[in-house]
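Laboratory data are not the source of any read-out in this text; all were calculated from the coordinates shown. Please read these numbers as outputs of a predicted model, since none were measured by experiment. Positions of Cβ are backbone-derived with ideal geometry, glycine not excepted, and every protein chain shown enters the neighbour counts.
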DNA sequence: ACTGGATATTGACCTCTGTCAATATTTATC
DNA sequence: GATAAATATTGACAGAGGTCAATATCCAGT
């Protein structure tokens with residue numbers, strides 16, 4: 001038996017798709033992939049992701065991230081939650097600090113899928 | 001003298017960025033790249049793009065695209081306009097028909113940038 | 001020119017989302 | 001356990017965005 005759509009991991013949601021030049025996406029596939037893209041399609045979240053990605057090990061503490069923005073702490077927390085819940089960032093708590101880490105596999109698959117729409 | 005931010009083409013907007021694992025994006029870079037991602041981050045537009053991409057030559061007539069959706073003609077037209085104005089699709093009119101074509105270079109650059117956030 | 005078909009624009013409606021202030025939760029330290 | 005610091009949650013608000021009906025524009029053929 002196959003997993004229901006809801007249970008699909010983000011990797012599976014993206015890995016499902018053949019190159020876009022070979023076959024159009026179904027509505028359901030587009031729905032799941034666009035959920036990932038929505039999470040990325042915000043300037044603050046994109047910069048947050050790049051900050052995390054450029055840290056050693058692709059991991060960074062929230063305390064390091066907040067300083068880069070002129071935004072309230074709840075707002076940064078909100079954006080990190082979106083990135084985490086979409087499956088683009090992993091979250092781990094150590095003591096009082098929370099670390100976010102890039103899901104390299106997800107970002108790699110997603111990037112390849114987008115590139116596949118070109119030649 | 002360098003171009004103002006407004007004048008940057010979509011390709012330039014994306015090609016500007018070093019891999020995300022090497023250097024975090026600036027606010028301005030994130031702003032421009034997220035504009036492209038916003039255009040992609042809709043299920044209908046993503047499926048539209050995949051339909052165009054999977055046609056011969058990466059080009060398709062609007063007449064071929066509308067049928068795949070249960071949406072009004074103005075809505076499809078609106079989504080195509082968003083994809084075109086963001087720089088993801090080229091537009092050309094031949095007689096009464098309008099053809100949209102994928103900007104392979106833009107999609108390739110964008111995909112590589114996203115993948116660069118992984119290892 | 002007139003008619004018909006293909007696509008675009010306008011204006012309105014409703015939902016979704018980014019932001020903040022205030023408050024809550026968790027954890028280390030005293 | 002009380003306090004302080006780091007992060008998350010809640011609730012409210014304003015602005016952005018997807019959708020449609022109605023209308024406009026553009027082009028081919030008669």
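Structure data summary
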| quantity | calculated |
| --- | --- |
| Residue order, fewest to most surrounding Cβ atoms within 10 angstrom, among B:42, A:105 | A:105, B:42 |
| Rounded tilt (10° steps) of A:73-86 against the dominant C-alpha axis of chain A | 30 degrees |
| Per-residue mean of C-beta atoms belonging to partner chains within 10 Å, peptide B:103-112 | 5 |
| Exam field: residue A:22 pseudo-label spacings to other copies (7 Å along Cα-Cβ), nanometres | 3.0 |
| Which of A:32, B:94, A:22 has the fewest Cβ neighbours within 10 Å, and the rest in rising order | B:94, A:22, A:32 |
| Cα→Cβ-extended label distance, 7 Å offset, between residue A:78 and residue B:94, nm | 4.7 nm |
| Over chain A: helical MRE at 222 nm, DSSP H runs n ≥ 4 each giving -39500 (n - 2.57), nearest 500 | -15500 deg cm²/dmol |
| Near-label residues of segment A:38-59 by backbone N, under 19 Å of a point 7 Å along Cα→Cβ of residue A:104 | A:49-59 |
| On Cα atoms only, tilt of B:43-53 relative to the major axis of chain B in degrees | 80 degrees |
| The protein assembly as shown - convex hull of the alpha-carbon atoms, volume per residue in Å³ | 149 Å³ |
| In degrees, nearest ten, helix A:104-115 long axis to first principal axis of chain A (Cα) | 50 degrees |
| Rg/Rh for segment B:5-115, where both radii come from Cα atoms and Rh is the Kirkwood radius | 1.01 |
| Shielding score for B:64-70, defined as the mean number of other chain Cβ atoms within 10 Å | 1 |
| Inter-probe distance in nm under a simple model that places probes 7 Å from Cα toward Cβ, at residue B:85 and residue B:69 | 1.5 nm |
